[in-house]
1. Tell me the mean residue ellipticity at 222 nm calculated for the chain from its helices only (DSSP H runs of n ≥ 4, each -39500 (n - 2.57), averaged over every residue, nearest 500).
2. Provide the FRET efficiency to the nearest 0.05 for the Ala82-Arg162 pair, computing r from the beta carbons and using R0 = 22 Å.
3. Find the accessible area per residue for the chain; the probe is 1.4 Å, ligands and nucleic acids are left out, and the unit is Å².
4. Could you run the Karplus curve 6.51 cos²θ - 1.76 cosθ + 1.60 with θ = phi - 60° over the stretch 33-39 and give me ³J(HN,Hα) per residue in whole Hz, x for Gly and Pro?
5. Between rounded, prolate and oblate, where does the stretch 78-190 land on the alpha carbon gyration tensor, with a ≥ b ≥ c its root eigenvalues, rounded for a/c under 1.5, else prolate if a/b exceeds b/c?
6. From the Cα gyration tensor of the stretch 136-190, with a ≥ b ≥ c the square roots of its eigenvalues, which class applies: rounded if a/c is under 1.5, or else prolate if a/b is larger than b/c, or else oblate?
7. Would you mind computing the Rg to Rh ratio of the chain from its alpha-carbon coordinates, Kirkwood style for Rh?
8. Does the stretch 48-112 classify as rounded, prolate or oblate by the C-alpha gyration tensor (a ≥ b ≥ c root eigenvalues; a/c under 1.5 gives rounded; else a/b over b/c gives prolate, otherwise oblate)?
Amino acid sequence: MAPLRMVILGRQGSGKGTQSERLIGAYGCIHLSTGDVLRAAVAAGTELGRQAKAVMDSGGLVGDDIMNGIVRDRLTHADIAAGGVLLDGYPRTSDQADALEAILDESGHRLDVAVNIDVPIDVVTARMLDRGRSDDTLEAIQRRLELYEEQTAPLLDWFDARGLLATIDGVGTPGEVFDRVVAAVERQRR
Ligand code: AMP
């Protein structure tokens, strides 16, 4: 079967990371998490990391040009053409969605599906406070959730208009949610 190219969407704390690990195990595609790219840059102390750190700590969004550049670089590598990709944490704004469309067009790829893992705000807030990551202060969590509703939730319509959106219920055990994700992916690829 052709390599899978998908986007995983959902509020912070919706289980995207866990589901992404399972998806790359099942489909063998490359996991491109823009949050992981930025955290690695912070850890390595690069210029990008220095610029991104304060923004990430405050729960804000790193600039679209920077993010589009990172994804463009990565998506044009041969490994992704061969193995497929799971985009996690990108696109997060309509500018990023437009950039993604252009990048995919240029490289002759198209997306198979955008899976939205739906988990209510009160549930994700409790989960994030629980996981205790250093950038998970209550203020940063609230800021990220606000930005998600404002900037990222409108992308659901953007994907839906292109016939790519599958929303699944994200409340349940990781295994239950994974079964729903796989069913949604398979429905879209048929
Ligand atoms: P995540 O691991 O996806 O929750 O990302 C952690 C942080 O990295 C976010 O709160 C943002 O500050 C930043 N970030 C990750 N991906 C993006 C993106 N596509 N656009 C802007 N900022 C991002």
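The values are calculated or read from the model by the stated rules, or taken from the named source; none is laboratory data. Every value quoted in this text rests on a predicted model; they were computed, and no experiment measured them. Methodologically, a virtual Cβ is constructed for each residue, glycine included, from the backbone with ideal geometry; neighbour enumeration extends over all protein chains shown. All accessible areas refer to the heavy atoms of the entire protein, side chains included, with ligands and DNA or RNA removed. Shrake-Rupley method; radii C 1.70, N 1.55, O 1.52, S 1.80 Å.
1. -18000 deg cm²/dmol
2. Numbers: r = 24 Å, r/R0 = 1.10.
That pair, Ala82 with Arg162, gives E of 0.35.
3. Values: 9000 Å² over 190 residues.
With the other protein chains kept in place, the chain gives 47 Å² per residue.
4. Per-residue couplings from phi come out as 9, 5, x, 5, 4, 5, 5 Hz.
5. On the way: a/c = 1.88, a/b = 1.42, b/c = 1.32.
Judged from the Cα gyration tensor, the stretch 78-190 comes out prolate (a/c at least 1.5, a/b above b/c).
6. Details: a/c = 4.36, a/b = 1.40, b/c = 3.12.
In terms of gyration-tensor shape, oblate.
7. Values: Rg = 15.8 Å, Rh = 16.9 Å.
So for the chain, dividing Rg by the Kirkwood Rh gives 0.94.
8. Numbers: a/c = 2.36, a/b = 1.89, b/c = 1.25.
Prolate, because a/c is 1.5 or more and a/b exceeds b/c.
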